[in-house]
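Enquirer: Here it is, the structure in full.
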């Protein structure tokens, strides 16, 4: 299963679930990453990490290690 | 649970997610006339104020740090949420006003939903509706109010439109609360379930599908042209999936570009640095001159005696060394404010996160570290925004290694001493080299300290970097000025008494016990006699006793007790080193020529006993190296103790950095000698 960390530049995806075992999962959900939402990878940082994802009309910068717990359909 | 009915007036607390316009509302209601309150036992601070009398509400108003949710993660967030539930001094709020960005309803509604289910009396204030209107949409206050069962008010922070509705709603809420019993507040740990979060968001999505409406037709004609101009994509069917505005995405295509992004970042940082130094320099000279003149005014007009010297050398010079940094701090905060308000600072933090995480830091450490190049004190305070405790403590730990501006006068003097007079351009290169070396060495030191981080910081928790990147906008000057004013005030109030106090202690040590020194007066002007008396007094003072005590430590690094005394004086503030050197080396000139005469007396200084030259190239470079590493600032120690909540970290900082400075100086001086450079 793909995760948000594996999205390509300007690729969209729909969230299927959030991996609750990740310590950042609660914080990620509080920022609006919940199942059913469409996200888009807007840009990557110089070192490919963190990445900027568009969610609910806002840009969120997030580390790849944390984006990895956002599972996509 | 303490409730605020114990107090005279009702308590209103403002809460809201970051970037939701909460502080604008607070300033609007309080008229910027506020004071800070500490949450006992922590460093999280609140602004409290009376509501302006023109609004006719008798209530205490509290601003709180921005939070996205009522479930705390970090220790600081826990304190913020705890204080909302029951502040030890202020009690539980009777009314909570929460600001929500209308364009981000689907994310920002989480907090009010949680507040309402926890049992607080809530008023929702919708902000940024003008931006939403540009997208051809508005929010139905009536429907939102019905769905959430609380009052909803639309407010324009810039035009103040809607403020009377908020006042009305506040009054009617307070009246209603007055007659009904206190509500029971549900503690946040029963909200903790992750499944609940998903359900809450589902409810929010249902509400949102209902509350957005198109702007009325006649208004829409005007807005459509605005839309075309802004190229904002608007589609009623995908309200949930608003895209961030097109302009922001376009700018980010450059500013967050893999290659250009980093280049722009380096240029922006370079400009920030240069302006901190070059714009501030004339202003700092002005402050310096003002206090020097004030000092000589006192000395000229009063009988010389210990009291006159206490006023001139103790109090006036002490106050001068506090205020001389204010121009730099103001410029730093203006630039940081402009960068933050425009939305760039969050991008900077994102770009630098990866390299910083390699040495155990976080992208959020970036702003505090940058501030550290002006002054460590506001920098350490700025580290509060780092949620992870270990990363926050680590950031505080290495901030003293950033080359703060107090080191600059010392570098300037030693560089002037080192370079040949006909090659002034060498000075600039050397100074650049010092900064480069200090940045590289802080990275290396941070990397080494990170290896021992578990033992030093004894704080765990997984590292995290999730940061909202706000839309770009033209910075609001009034907000920047306001923020700058408050930060500068905070610096003066926090560091001021400390620096002044230590200046007085040092004055005492350098002045006593030899109050009335005897010097040769023949052939000297009164100004020169005064300087000679000072030098004589210092030579037999407690400070020089201390200096002689550390002579055994100074010899291995090619220095003597006279430099030792100046190094001790530099603990009040580093730039005191220069004036202290001129005292110790009996500079007998008037003020205007002090610098050049100081240089020549340094050139002529001999080691006591052997008669060798004291300030050799090796010693001077050694001194520069010492200043790069040493933590010679007692105000920093005091602020570090306060912010880390204990003595462990500040004491380790003093010990490690001073030992490191000594070791590196030893290696430098003896290394240079080994290669034949004396």
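The values are calculated or read from the model by the stated rules, or taken from the named source; none is laboratory data. It should be emphasised that the depicted structure is a prediction, and the values quoted were computed from it without experimental measurement. Cβ: placed from backbone, ideal geometry, glycine included. Neighbour counts: every protein chain shown.
Enquirer: Which numbered condition trips up residue B:386, out of (1) modelled with pLDDT of 90 or more; (2) more than 23 Å from residue B:496 (Cα to Cα)?
Expert: (1)
Enquirer: In the stretch A:20-64, what count of residues is obtained for those that are facing chain B (nearest Cβ under 7 Å) and assigned to a strand (DSSP E or B)?
Expert: The qualifying residues number 11.
Enquirer: Another question about this same structure. Could you please find all residues in the stretch B:330-367 being in a helix (DSSP H, G or I) and in contact with a strand residue (DSSP E or B) (Cβ under 9 Å, 6 or more places away or on another chain)?
Expert: B:346, B:347, B:349, B:350, B:353, B:363, B:364
Enquirer: Can you say whether residue B:473 is surrounded by fewer than 18 Cβ atoms within 10 Å (Cβ to Cβ), more than 21 Å from residue B:645 (Cβ to Cβ) and within 14 Å of another protein chain (Cβ to nearest Cβ), as far as the supplied structure shows?
Expert: Spelling it out, residue B:473 is indeed surrounded by fewer than 18 Cβ atoms within 10 Å (Cβ to Cβ), more than 21 Å from residue B:645 (Cβ to Cβ) and within 14 Å of another protein chain (Cβ to nearest Cβ).
Enquirer: With the condition kept exactly as written, say whether any residue in the stretch B:191-200 is under 27 Å from residue B:95 (Cβ atoms) and at pLDDT below 70.
Expert: The answer is yes, given that some residue of the stretch B:191-200 is under 27 Å from residue B:95 (Cβ atoms) and at pLDDT below 70.
Enquirer: Here's another thing I want to ask about it. Within the stretch A:1-58, can you find the residues that are free of Cβ contacts under 8 Å to residues at least 12 places away in the same chain and on the phi > 0 side of the Ramachandran plot?
Expert: A:57
Enquirer: Quick one: in the stretch B:453-469, of everything that is assigned to a loop (DSSP other than H, G, I, E, B) and at pLDDT below 85, which residue is nearest to the other protein chains (Cβ to nearest Cβ)?
Expert: Among residues in the stretch B:453-469 that are assigned to a loop (DSSP other than H, G, I, E, B) and at pLDDT below 85, the one nearest to the other protein chains (Cβ to nearest Cβ) is B:462.
Enquirer: Now for a separate question. Looking at B:352, B:359, B:335, which is the one that is more than 14 Å from chain A (Cβ to nearest Cβ) and either on the phi < 0 side of the Ramachandran plot or in contact (Cβ under 8 Å) with a residue 12 or more places away in the chain (or both)?
Expert: So the residue among B:352, B:359, B:335 that is more than 14 Å from chain A (Cβ to nearest Cβ) and either on the phi < 0 side of the Ramachandran plot or in contact (Cβ under 8 Å) with a residue 12 or more places away in the chain (or both) is B:335.
Enquirer: From the list B:320, B:314, B:270, exactly one residue is within 17 Å of residue B:351 (Cα to Cα), more than 14 Å from chain A (Cβ to nearest Cβ) and in a helix (DSSP H, G or I). Which is it?
Expert: When all the criteria are applied, what remains is B:270.
Enquirer: Can you name the residue in the stretch B:134-153 that is surrounded by fewer than 17 Cβ atoms within 10 Å (Cβ to Cβ) and out of contact with any strand residue (DSSP E or B) (no Cβ under 6 Å at 6 or more places or on another chain) and is also farthest from residue B:173 (Cα to Cα) among such residues?
Expert: B:143
Enquirer: Among the candidates B:302, B:309, single out the residue that is farther than 30 Å from residue B:355 by Cβ, more than 14 Å from chain A (Cβ to nearest Cβ) and surrounded by fewer than 17 Cβ atoms within 10 Å (Cβ to Cβ).
Expert: On inspection, the qualifying residue turns out to be B:302.
Enquirer: For the condition away from chain A (no Cβ under 14 Å), at pLDDT 80 or above and either assigned to a helix (DSSP H, G or I) or touching a helix residue (DSSP H, G or I) at 6+ places or on another chain (Cβ under 9 Å) (or both), what is the one hit in B:481, B:499?
Expert: B:481
Enquirer: Any residue in the stretch B:397-405 that is modelled with pLDDT under 80 and assigned to a helix (DSSP H, G or I)?
Expert: yes
Enquirer: What's the total number of residues in the stretch B:77-101 that are farther than 16 Å from residue B:112 by Cα and surrounded by 21 or more Cβ atoms within 10 Å (Cβ to Cβ)?
Expert: 3
Enquirer: Can I ask one more? May I ask you to verify whether residue B:581 is at pLDDT 70 or above and either in contact with a strand residue (DSSP E or B) (Cβ under 7 Å, 6 or more places away or on another chain) or under 22 Å from residue B:632 (Cα atoms) (or both)?
Expert: Considered against the rule, which asks whether it is at pLDDT 70 or above and either in contact with a strand residue (DSSP E or B) (Cβ under 7 Å, 6 or more places away or on another chain) or under 22 Å from residue B:632 (Cα atoms) (or both), residue B:581 comes out as yes.
Enquirer: Just one of the numbered conditions (1) free of Cβ contacts under 8 Å to residues at least 12 places away in the same chain; (2) closer than 21 Å to residue B:273 by Cα is not true of residue B:451; which one?
Expert: Of everything listed in (1) free of Cβ contacts under 8 Å to residues at least 12 places away in the same chain; (2) closer than 21 Å to residue B:273 by Cα, residue B:451 misses just condition (2).
Enquirer: What is the residue count in the stretch A:9-18 for residues that are outside any strand (DSSP E or B) and either modelled with pLDDT under 90 or facing chain B (nearest Cβ under 9 Å) (or both)?
Expert: Residues flagged as outside any strand (DSSP E or B) and either modelled with pLDDT under 90 or facing chain B (nearest Cβ under 9 Å) (or both) within the stretch A:9-18 amount to 2.
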